[in-house]
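Data block below; observations after.
The values are calculated or read from the model by the stated rules, or taken from the named source; none is laboratory data. Computed from a predicted model, the values in this text were never measured in an experiment. Here the Cβ positions follow ideal geometry from the backbone for every residue, glycine too, while neighbour counts run over all protein chains shown.
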Amino acid sequence: MPGATDDPTPDPLPALRDVIAAHGLSARKSLGQNFLLDFNLTRRIARAAGPLEDAAVYEVGPGPGGLTRALLAEGAKCVVAVERDERCLPALAEIAQAFPGRLKIIKGDALTLDECEILRTEGISGDVRIAANLPYNVASPLLVKWLTRPRIWQSLTLMFQREVAERLVAEPGSKDYGRLSVLAQWRARPRILFDVHPRAFTPPPKVTSSVVRIEPREDTAPEAERQAFEAVSKAAFGQRRKMLRQSLKALVPNAIALIEQAGVSPEDRAENLSIAQFAALARAYRTMIEATRKTCKGD
């Protein structure tokens, strides 16, 4: 079967180094770019995003297309690649020609684009697999966007700096546990698959990278309204060294009442709370907001 691991689709294009040289490309620090040139490595990442047979993949920051080519060679039915760097578009257009009808190139900033609208325009229905060697300078904001908006993905396979990856899987009470940990673990299961040495990139970054796979939780996530959960976690970690009775004052005037309603200790700090406790705070916050609205309306 085309795209299966033991019988991959052949890549008819030149080596990526030759493509980069032909188009005069160089990674720009201002765009957070670091190009992956090792096709064995990009195919390993693509396989980690699989199974890709008959799957639609949404990719951000393809650059000259190393991972894009691997995703297509591993059998992705369609790849929608979002790239803001105009210099890379001709190289991506060559990939589209080599894999007719399977690569859609979108020029734009992934942080501001509406993925749902893009997929609808391209005639793609159902959840997609998101796979990307994310530009370092937008990796965390993009992940927060995908975690906090209505879910369009069935899996996320993403490259991060190692320290960001460790925050995603961190447990309460650890030094790496923070808002990103809470958002990632509330409705999903993140896990670090493997590390990537700086020498694998051009130019090599100063830090080790990690490939992370994030999938929706199979069990029931602690109940909470999404916007309330975001607000509570943001306020709590906004002053993470302070006790909740202080940090949550940024959210509501009577923080003690909110905390007590959630059954959490006012002396606790955000870094020690479980996902379930954050959900309890979010439910209490939602109840408090609704009560305030009813009072203002005179109900």
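Details
- Output for the range 186-200, where each listed residue is within 18 Å of Asp38 (Cβ to Cβ) and not in a strand (DSSP E or B): His197, Pro198, Arg199, Ala200
- Residue in the range 106-113 that is of a type outside the set (Asp, Glu), within 23 Å of Thr202 (Cα to Cα) and within 14 Å of the chain's Cα centre (by Cα) present: yes
- Residue check, Arg187 assigned by TED's automatic domain parsing to the domain that holds Pro205, at pLDDT 95 or above and not acidic (Asp, Glu): no
- There is at least one residue in the range 46-69 that is under 15 Å from Met159 (Cα atoms), in contact (Cβ under 8 Å) with a residue 40 or more places away in the chain, in the same structural domain as Leu156 (by TED's automatic domain parsing) and basic (Lys, Arg).
- Qualifying residues in the range 132-170 (those that are assigned to a loop (DSSP other than H, G, I, E, B) and over 13 Å from Ser209 (Cα atoms)) - the one modelled with the highest pLDDT: Ala170
- Residue match in the range 208-224 (condition: at negative phi, in the same structural domain as Lys29 (by TED's automatic domain parsing), surrounded by 15 or more Cβ atoms within 10 Å (Cβ to Cβ) and hydroxyl-bearing (Ser, Thr, Tyr)): yes
- The set of residues in the range 30-45 being under 24 Å from Leu111 (Cβ atoms) and either of a type outside the set (S, T, N, Q) or more than 19 Å from the chain's Cα centre (by Cα) (or both) consists of Ser30, Leu31, Gly32, Phe35, Leu36, Ile45.
- Residues in the range 201-237 that are touching a residue at least 24 places away in the same chain (Cβ under 8 Å), in a helix (DSSP H, G or I) and in contact with a helix residue (DSSP H, G or I) (Cβ under 6 Å, 6 or more places away or on another chain): Ala228, Phe229, Glu230, Val232, Ser233, Ala236, Phe237.
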